[in-house]
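Below is one structure; the comments refer to it alone.
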Amino acid sequence: MLSRANGYNSCMLHPQDHSAFADTLLDWFEHNSRPLPWRVDYHPYHVWISEIMLQQTQMERGVDYFQRWTEQLPDIASVAAASEDTVLKLWEGLGYYSRVRNLHKAARLIMERHGGVFPEDLAAIRDLPGIGEYTAGAIASIAFGQDVVCVDANVERVIARMYDIDTPVKQNMPFIRSTAQALLPSGRAREFNQAMMELGALVCSKKAHCASCPVQQWCEANHLGIVHERPVPVPRKPIQHLDVATGVLVHEGRIFIQKRPEHGVWAGFWEFPGGCVEAGEAPHETVIREYMEEMEFPVVSEGKIAVINHGYTTYRVSLHCYFLRLADADPTPVLHAATEYRWVRFEELDNYTLPAGHRKLADHLATDMRLTALLQEPRR
Ligand code: SF4
């Protein structure tokens, strides 16, 4: 018979079974863990980069980016010495760009404060930009073997099911953390923390594979037949739709791009200028207005390119794209919303980090014959 104490259901996993649970899980991990590149030597630099990259990123994609990153930037010193453009380019497509900006800042701080050696002390790790409680615990345990838990969404899901938590996990974090700590066998944090996360990723995933679960015998939700009801979901944030217009300005065989300011959305990225479509405005009018406001460029539309749909965080964006030409011959902008500008050849766009929608636009342009005609157009 179930009873409730302190808001949680009683559980099949009693303290006297913790050791058997850990042994079973560790044995499963030894035989089932994925061969990931940072698991070769557990070097703190590699663990750190992998942990930051894997936030909000699928494993397969994360591995590709990790390999590309570490080939070009093999250690902390090389990250600290790299330009912002270089680190942004290596991160392009991963999203959540505050992660790479903080990583860049942290590398420079490690050079200054710790002589280029990743700190071992938990408080010093926690003190670095972009490192929260989870990431600090992951680095302390996985890189340095400290008896510290790290609770990610996988661990939350496993514990919510094992202990049949009947309210959303975010309301139960003290219980989940203390439970993870109680289950952790001293001296085995590196393997145990990874085993819990790996179990959540491979077996106790959103659609649970209970038949192949090594710890099924201790799982309350499985015992009750309510795995599909755990974890209890939280209401999703509403999706917002945005209409944005942008223009590809072509002049004497080159395309205009500008660099966004250091703060705000897509900070430090290069872009085709544009902005949000205002009430009562048609998208082509938006582009003409934005070019005048941002660069004092009088421009004329040369036709619509496409509407490109993309999403970021809780936004769904319709990006209305136009070809443009200058209405007079002076190609020198007065920058009001950017820090730099370039007139680039189409092939050179690959060297610049663009926001996701603009990268899609650049890919689209590669197959648009109208661009070829505009680039070859003689001077007017
Ligand atoms: S038995 Fe099923 S629900 Fe329980 S921990 Fe294993 S996979 Fe998850």
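Rule-based calculations on the coordinates, nothing more; no lab input. The model shown is predicted, which means the values in this text are computed figures rather than measured ones. Ideal geometry is used to build each Cβ from the backbone, glycine not excepted, and the neighbour counts take in all protein chains shown.
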Next on the checklist: Between 38, 28, 270, where does the largest GNM mean-square fluctuation fall for the chain, given springs only between Cα atoms within less than 10 Å?
Outcome noted: 28
Checklist entry - Which far-off residues, 5 or more places away or on another chain, put their amide H under 5 Å from the one on residue 146, with H placed in the peptide plane? => result 141
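Relative contact order, percent, of the range 4-229 when contacts are C-alpha pairs under 8 Å separated by at least 6 residues?
Numbers: 267 pairs, mean separation 58.6, N = 226.
So the answer I get is 26 percent.
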Item to check | Choice from 275, 253, 264 with maximal GNM fluctuation in the chain (Cα, 10 Å cutoff) | outcome: 264
Checklist entry - Taking Cα atoms of the range 172-313, Rg/Rh with Kirkwood Rh, to two decimals? => result 1.25
Checklist entry - Do you know the relative contact order of the chain, to the nearest whole percent, from alpha carbon pairs under 8 angstrom that are 6+ apart? => result 15 percent
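Quick check: net charge around residue 76, other residues with Cβ under 13 Å of its Cβ, Lys/Arg +1 and Asp/Glu -1? Working shown, then result.
Values: positive: 105, 108, 113; negative: 75, 112.
Combined, the nearby Lys, Arg, Asp and Glu give +1.
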Next on the checklist: From the phi angles alone, apply the Karplus equation (6.51, -1.76, 1.60; θ = phi - 60°) to the range 71-78 and give each ³J(HN,Hα) in whole Hz, x where the residue is Gly or Pro.
Outcome noted: 5, 7, 10, x, 7, 4, 4, 5
Checklist entry - Which shape class, rounded, prolate or oblate, goes with the chain when its Cα gyration tensor gives a ≥ b ≥ c as root eigenvalues, a/c under 1.5 marks rounded, and past that a/b bigger than b/c marks prolate? => result prolate
Checklist entry - Non-local amide H neighbours of residue 312 (under 5 Å, H modeled in plane, Pro and chain starts lacking H): which ones? => result 317
Checklist entry - Non-local amide H neighbours of residue 305 (under 5 Å, H modeled in plane, Pro and chain starts lacking H): which ones? => result 321, 322, 323
Next on the checklist: Between residue 265 and residue 60, what is the label-point separation in nm under the 7 Å Cα-to-beta-carbon projection?
Outcome noted: 3.0 nm
Checklist entry - So what J values fall out for the range 88-101 if you push phi through Karplus, 6.51 cos²θ - 1.76 cosθ + 1.60 with θ = phi - 60°, rounded to Hz, Gly and Pro as x? => result 5, 5, 5, 9, 3, x, 7, x, 6, 6, 4, 4, 6, 5
Item to check | Over the range 1-127, relative contact order from alpha-carbon pairs under 8 Å, at least 6 apart, % | outcome: 18 percent
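If each DSSP helix of 4+ residues adds -39,500 (n - 2.57) and the sum is divided by the residues in the chain, what number results at 222 nm, nearest 500 deg cm²/dmol? Numbers along the way, then the final one.
Values: 15 runs with 153 residues, N = 380.
Mean residue ellipticity, 222 nm, calculated: -12000 deg cm²/dmol.
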Checklist entry - What FRET efficiency, computed as 1/(1 + (r/R0)^6) with R0 = 35 Å and r the Cβ-Cβ distance, is obtained for residue 329 and residue 85, rounded to the nearest 0.05? => result 0.70
Checklist entry - To the nearest Å, what is the center-to-center distance of the range 54-83 and the range 224-301, using C-alpha atoms only? => result 27 Å
Checklist entry - Within a Cβ distance under 11 Å of residue 119, other residues only, what is the Lys/Arg minus Asp/Glu net charge? => result -1
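Counting only other residues whose beta carbon sits under 13 Å from that of residue 182, what net charge do I get with K and R as +1, D and E as -1?
Numbers: positive: 177; negative: 17, 147.
For residues surrounding residue 182, the net value is -1.
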Item to check | ³J(HN,Hα) computed for each position of the range 123-131 - Karplus, 6.51 cos²θ - 1.76 cosθ + 1.60, integer Hz, glycine/proline x | outcome: 5, 5, 5, 4, 6, 7, x, x, 10
